[in-house]
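Derivation of every value follows stated rules applied to the coordinates shown; laboratory data play no part. The model shown is predicted, which means the values in this text are computed figures rather than measured ones. All Cβ positions, glycine included, derive from the backbone under ideal geometry; neighbour counts span all protein chains shown.
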Amino acid sequence: MLYEIRVDGQMSNELTTAFPELDSFVVPRQTLLYGQVNDEAHLYGLLIRFQSLGLHVVEFRQLPE
């Protein structure tokens, strides 16, 4: 499943390396990450990583493939 995740603010290169399975780019006042999420466990693991790094997820949505 392909997902798009929007995070408040501009993530540093160091922070984006915490998500090697996702591609990222900066849009105004947010960082957009996207990529394949294999299953529910992977999805929850991503959410836990965002939370543990103190990142505020604005939107998390599944994209059509």
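Observations
- Degrees, to the nearest 10: 40-52 long Cα axis against longest axis of the chain: 20 degrees
- Computed from the Cβ-Cβ distance with R0 of 22 Å, the FRET efficiency linking Asp39 to Glu59 stands at 0.60.
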